[in-house]
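These notes concern the structure reproduced below.
FYI, it's all coordinate maths here, none of it is from the lab. Remember, it's a predicted structure, so these values are computed and weren't measured experimentally. Positions of Cβ are generated from backbone atoms using ideal geometry, with glycine treated the same way; all protein chains shown enter the neighbour counts.
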Amino acid sequence: MDRWRVLERNYKKYVDNQRQTGRERTFFEYKHEMEEVFLKKKNIRPELLPASDQIDTQIDMNSDNAITTATPDVSSTSKSVSPKSLQAVTPQKKSQIILKRQGIMEKIRSDHKTYYEEKLQIENLKLEEMKERNQLIEERNNILK
């Protein structure tokens, strides 16, 4: 459980640091596996990253009190957010990705099912052996009386 949290935290850092400028780019060993798992999670892959949604401000130097005020420039903010930054970076079609993810989840479910079936068989065998052992102990006690 702790190892999973560490992997998730490192993947979030990796996603946040993949900027277009190339600064702070990192290598993540389990990138493809984590992308399959966290593909639809919005908290992992938000539509707008904090680094891409910056507001340009202008400083007004004409005030008498020498107090500077920052006002957002509406025209520059509308141009800074491009439609490409709003889309998730996925090379495949969404339907293919969804089908792939569903297949992975089905495989996980079937693996869990087989694991618990095998575990149930082992527990039943243990129970039968314990019953036989108790029966033998009971017979021994009857003989020793």
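Here the spin labels are modelled as points 7 Å beyond Cα on the Cα-Cβ line, and at Val6 and Leu136 they lie 4.5 nm apart.
With each label modelled as a point 7 angstrom along the Cα→C-beta vector, the Lys31-Ser110 pair spans 3.0 nm. Per-residue Karplus couplings for region 129-134, computed as 6.51 cos²θ - 1.76 cosθ + 1.60 with θ equal to phi - 60°, are listed in order as 5, 5, 5, 4, 4, 5 Hz, Gly and Pro entered as x. Lys-Lys pairs in region 89-145 that are eight or more residues apart or on separate chains and whose Cα atoms lie under 24 Å of each other come to 7.
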